[in-house]
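Worksheet: the structure to be examined is printed underneath.
Values in this text are rule-based calculations from the coordinates and carry no lab data. Quantities reported herein were computed from a predicted structural model and do not represent experimental measurements. Note: ideal-geometry Cβ built from the backbone for every residue, glycine included; neighbour counts use all protein chains shown.
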Amino acid sequence: MMTTPTIKLNDGHEIPAIGFGTFQIPNDGSTYAAVKAALAVGYRHIDTAVAYFNEAEVGRAVRDSGIPREQIWVTSKLWLQDFGFEAATKAIDVSLQQLGLDYMDLYLIHQPYGDVPGAWRAMEAAQKAGKIRSIGVSNMTPKIWQQFVPQFETLPAVNQVEFNPYFQQRALRDLITPAGVKLEAWAPLGQGNQALLTDPVVVKLAQKYGKDVGQVILRFENQSGIIVFPKSVHASRIKSNLDIFDFELTADEMAEMRALDQNKGQHDPDAAGVKDMLLQAFDVHAND
Ligand SMILES: NC(=O)C1=CN([C@@H]2O[C@H](COP(=O)(O)OP(=O)(O)OC[C@H]3O[C@@H](n4cnc5c(N)ncnc54)[C@H](OP(=O)(O)O)[C@@H]3O)[C@@H](O)[C@H]2O)C=CC1
Ligand SMILES: O=C(O)C(=O)[C@@H](O)[C@H](O)C(=O)CO
């Protein structure tokens, strides 16, 4: 079984550098099966959210795995309509109930709009109460970071944003890395973007190392200090995506991968109307 290295966060906790993502895995037993499969091959870090509607299956898979709870890192996230101190306080308890766990290892402000400071205070209180170990944010661009984070008492441990070789978030990394905040990548494989998965540089490196393109991309991200959690529902990819520690890209190859940056993602958190778009797309009622 594979073991994974960890990355130390600014609050002292050690997060597994690679985990398993669960966005768009349905709550019809598929999430349970995928998370069980991931834990069986060695993943010790699962990323979910109330907005994925699959926290219950994630928690059940973690509890049924036979692996001691303290060996598995579980992240969940607060959705938009539960912002503000009171609603967020309740939503944290609802997520814990759904997961069937006593604590979450990491809890994130999923989308940074509305009463973010109130939600953050609820997260700080839950952290002090032992319900959450680490707290962080997601989808914060440099502009949004500067709007909210100076109002926070506790510095976020992570900022989870879209990241892959075509969107390397240089400005954001220049802002948060010196402050000791780690970047987590969502869509580390570009959500299956075929252009990325057939990019000649990636294909060349895959051939050189006898790895697949997914492994080269994830290894590049790992060597860049980024925390990743690729999603797959296929046993072979669940296994191969974790198997990235038996080769190392050279400094020149890292530079070649860095040169693929197009500084453009599929989601722009700074765009007008994003909050309404997200509220329509994800009809979450954690507190109802
Ligand atoms: N904070 C936020 O706003 C967001 C957070 N996230 C988190 O990040 C995680 C990862 O991002 P996600 O959006 O899932 O996208 P990923 O970049 O992980 O890509 C997942 C897609 O790639 C396919 N895939 C997986 N492995 C391979 C491989 N080795 N080769 C080719 N294709 C592959 C999967 O298909 P298949 O399943 O068929 O194998 C799926 O279609 C999410 O699951 C979620 O936990 C995601 C989006 C936004
Ligand atoms: O998948 C998630 O975690 C999300 O928050 C999505 O909303 C994602 O940001 C998106 O779909 C943007 O269009």
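Table for the structure above
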| item | result |
| --- | --- |
| Pair list, Cβ under 9 Å, 6 or more apart: the range 77-90 residue buried (at least 17 other Cβ atoms within 10 Å of the Cβ), other residue part of a helix (DSSP H, G or I) and β-branched (Val, Ile, Thr) | Lys77/Val50; Leu78/Val50; Leu78/Ile92; Trp79/Val50; Asp82/Val50; Asp82/Ile92; Asp82/Val94; Phe83/Val116 |
| Count of residues meeting criterion [within 18 Å of Leu172 (Cα to Cα) and within 16 Å of ligand 2 (Cβ to nearest atom)] in the range 238-283 | 8 |
| Hey, Gln207 within 16 Å of ligand 2 (Cβ to nearest atom), without any contact (Cβ under 8 Å) to a residue 12 or more places away in the chain, assigned to a helix (DSSP H, G or I) and farther than 27 Å from Lys36 by Cα or not | no |
| Hits in the range 128-161 (condition: farther than 12 Å from Val116 by Cβ, within 16 Å of ligand 2 (Cβ to nearest atom) and crowded, with 21+ Cβ neighbours inside 10 Å) | Gly136, Val158, Asn159, Gln160, Val161 |
| Hits in the range 136-155 - residues which are farther than 22 Å from His13 by Cα and either in contact with a Gly (Cβ under 8 Å, 6 or more places away or on another chain) or outside any helix (DSSP H, G or I) (or both) | Thr141 |
| So Met104, is it more than 16 Å from ligand 2 (Cβ to nearest atom), without any contact (Cβ under 8 Å) to a residue 60 or more places away in the chain, surrounded by 24 or more Cβ atoms within 10 Å (Cβ to Cβ) and of a type in the set (A, V, I, L, M, F, W, C) | no |
| Residue list for the range 236-273, filter: outside any loop (DSSP other than H, G, I, E, B), within 20 Å of the chain's Cα centre (by Cα) and in contact (Cβ under 8 Å) with a residue 24 or more places away in the chain | Ile238, Lys239, Ser240, Asn241, Leu242 |
| Selection status of Gln97, surrounded by fewer than 21 Cβ atoms within 10 Å (Cβ to Cβ) and within 16 Å of ligand 2 (Cβ to nearest atom) | no |
| Matching residues, the range 171-198, being in a helix (DSSP H, G or I) and either under 15 Å from Asp268 (Cα atoms) or within 14 Å of ligand 1 (Cβ to nearest atom) (or both) | Ala171, Leu172, Gly190, Gln191, Gly192, Gln194, Ala195, Leu196, Leu197 |
| Single residue of Val201, Val213 found to be more than 20 Å from the chain's Cα centre (by Cα), surrounded by fewer than 20 Cβ atoms within 10 Å (Cβ to Cβ) and either aromatic (Phe, Trp, Tyr) or more than 13 Å from ligand 1 (Cβ to nearest atom) (or both) | Val201 |
| Single unsatisfied condition, Gly192 versus (1) at negative phi; (2) without any contact (Cβ under 8 Å) to a residue 12 or more places away in the chain | (1) |
